[in-house]
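Single-structure report; data block below.
The values are calculated or read from the model by the stated rules, or taken from the named source; none is laboratory data. Worth saying up front: this structure is predicted, and the values here are computed from it rather than measured. Neighbour counts are summed over all protein chains in view; Cβ atoms, including those assigned to glycine, are modelled from backbone coordinates with ideal geometry.
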Amino acid sequence: MDENGDDAAGSPDAATDPLADADVYRVLGPDGSPLPDATVPDLSDEQFRAIYRDLVVTRRFDERAVSLQRQGRIGTYAPCAGQEGSAVGSTHALADRDLISYQYREHGAVVVRDLLSEYLPYWMGHESGTEAIADGNVFPLNIGIAAHLPHAVGAAWAFDYRGEDRLVAAHFGGGATSEGDFHEAMNFAGVFDTPTLFCCHNNGWAISIPESRQTASDTFAEKAAAYGFEGVRVDGMDPLASYAVTREAAERARGDGGDSGDRDESDGDSADGEEFDGGEPRPALIEFVEYRFGAHTTADDPTAYRDPDDVEPWRALDPLDRMEAFLRETDRIDDEGVEAIHEEADEVVADAIDVAESIEVDPSDMFDHAYAELPPEIRRQREELLAAVDEHGEASFRRGE
Ligand SMILES: Cc1ncc(C[n+]2csc(CCOP(=O)(O)OP(=O)(O)O)c2C)c(N)n1
């Protein structure tokens, strides 16, 4: 219990020992070795390497995006370092036809869908970035916390209604669970059995608010019990555990029983003690227990609200290091293979930046996407801008010119 009288999981106390909670499902130990009682997912060598490749691309993208923001080449950016394991692992467990609806930090999901070039323009202010990823079954990212969740449930309900074998994986942070939209979405999904996976990223913080001030529940996963479906906790910094739990939940959401054989059934308990047992399609809440290594966004300074030393125990669980160690230990990769993946990641991200920066900009685009019909004041501003561009030339509006 902390000085505020809270004993919820994810409290600053718990943050000092990431392995303290025994109810968190893991496949890999901190050093990347499979845990003695864990079932390693039944994937091909190629699939294991693809997960590692996507983790490395996501990390590289993250580093370059922060650097581009510092150079004034993109706007505000939300770093994901530390959280790649859950976004990448869970997306590998889905079918390409499944829809992903995410908050703004789960860039790994976009990497798995191979959409970086289409996506990066969003962060540079181009609306095309949100339109193009729809072709890869990814909803535009959502800044209004939890506002996407009722839409995600609506889309899942529509899939079910039309008899389409598709589900929706909806990602959000712990802070989003304090919003009414979260509860409305969860309730509707539970009552109407929509094929929705609620992927809650418990990264310790909602900007400067620690999880212990976000909820008095012991866990986020247990909130599912109130809506009549399963909630499960998993190590979000363990890509293989994230894969296994998501795959099982996805099968259950499709009505396939949810026993993929990848996960020891004794670890499959829901928050209320019932096991996944097959049968009717059901939604699920997956709490990914993880940590945000960096700032909330590039506009944030985390040293104002947390001790940098608190991050270190979580860095020891870095999902890239654990996955690489697992691949090496099981002879699925060697030095050359690791190097090749890092080189590929550099190239993929550099190409995405080239593509995004080559987009021609029409300044009037900024007025195009909020209203079907422009209100008079916005119309006036548009005309004023176009007149100024006509008079002074577009170049005079560019930075440094
Ligand atoms: C409806 C709404 N309220 C407040 C905000 C301001 N805001 C932006 S991010 C954020 C924290 C969200 O935390 P969490 O859901 O835990 O996700 P994380 O940023 O940790 O990934 C808040 C409050 C917002 N974007 N939308």
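Annotations for the structure displayed:
- Within the set 102, 25, the sole residue that is closer than 23 Å to residue 233 by Cβ and modelled with pLDDT under 95 turns out to be 102.
- Residues of the range 366-401 satisfying the condition of being out of contact with any helix residue (DSSP H, G or I) (no Cβ under 9 Å at 6 or more places or on another chain) and under 28 Å from residue 64 (Cα atoms): 395, 398, 399, 400
- Failed item, numbered, when residue 148 is tested on (1) in contact with a Leu (Cβ under 8 Å, 6 or more places away or on another chain); (2) within 15 Å of the ligand (Cβ to nearest atom); (3) more than 22 Å from residue 51 (Cβ to Cβ); (4) not small (Gly, Ala, Ser): (1)
- For the range 44-61, the tally of residues that are surrounded by 17 or more Cβ atoms within 10 Å (Cβ to Cβ) and without any contact (Cβ under 8 Å) to a residue 60 or more places away in the chain stands at 2.
- Within the range 193-205, residues that are under 23 Å from residue 280 (Cβ atoms) have Cβ atoms under 7 Å from residues that are among the hydrophobic types (A, V, I, L, M, F, W, C) and near the ligand (Cβ under 8 Å from one of its atoms) in these pairs: 200/172, counting only partners at least 6 apart in sequence or on another chain.
- Residue 110 closer than 12 Å to residue 171 by Cβ, more than 16 Å from the ligand (Cβ to nearest atom), without any contact (Cβ under 8 Å) to a residue 40 or more places away in the chain and of a type outside the set (S, T, N, Q): no
- Tally of residues being within 23 Å of the chain's Cα centre (by Cα), more than 8 Å from residue 322 (Cα to Cα) and surrounded by 18 or more Cβ atoms within 10 Å (Cβ to Cβ) across the range 30-42: 1
- Every residue from the range 179-204 that is assigned to a strand (DSSP E or B) and either within 13 Å of the ligand (Cβ to nearest atom) or in contact with a Phe, Trp or Tyr (Cβ under 7 Å, 6 or more places away or on another chain) (or both): 198, 199, 200, 201, 202
- Taking the listed residues 74, 143, the one that is on the phi < 0 side of the Ramachandran plot and more than 16 Å from the ligand (Cβ to nearest atom) is 74, with no other qualifying.
- A single entry from 254, 247 fulfils the requirement of being surrounded by fewer than 24 Cβ atoms within 10 Å (Cβ to Cβ) and at pLDDT 95 or above: 247.
- Qualifying residue in the range 157-170 (condition: modelled with pLDDT of 95 or more and under 30 Å from residue 302 (Cβ atoms)): yes
- Test for residue 169: is it within 14 Å of the ligand (Cβ to nearest atom) and either under 23 Å from residue 93 (Cα atoms) or outside any strand (DSSP E or B) (or both): no
- Any hit, the range 88-106, residues being polar (S, T, N, Q) and more than 16 Å from the ligand (Cβ to nearest atom): yes
- Residues that are part of a helix (DSSP H, G or I), surrounded by 17 or more Cβ atoms within 10 Å (Cβ to Cβ) and not charged (D, E, K, R) were ranked within the range 297-324; the one that is nearest to the chain's Cα centre (by Cα) is 319.
- Residues in the range 363-377 that are of a type in the set (A, V, I, L, M, F, W, C) and in a loop (DSSP other than H, G, I, E, B): 370, 372, 374.
- Taking every residue in the range 167-186 that is closer than 16 Å to residue 208 by Cα and pairing it with any residue that is of a type in the set (D, E, K, R) and near the ligand (Cβ under 9 Å from one of its atoms), at least 6 positions away or on another chain, the pairs with Cβ-Cβ distances below 6 Å are 174/211.
- Residue that is surrounded by the most Cβ atoms within 10 Å (Cβ to Cβ) [pool: residues in the range 205-244 that are within 16 Å of the ligand (Cβ to nearest atom) and of a type in the set (Val, Ile, Thr)]: 219
- Residues that are modelled with pLDDT of 95 or more and in a loop (DSSP other than H, G, I, E, B), drawn from the range 39-76: 39, 40, 41, 42, 43, 44, 71
Residue-by-condition table, conditions (1) among the basic types (Lys, Arg); (2) at pLDDT below 95; (3) in contact with a strand residue (DSSP E or B) (Cβ under 6 Å, 6 or more places away or on another chain); (4) not assigned by TED's automatic domain parsing to the domain that holds residue 107:
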site	(1), (2), (3), (4)
237	no, no, no, no
280	no, yes, no, no
301	no, no, no, no
311	no, no, no, no
332	yes, no, no, no
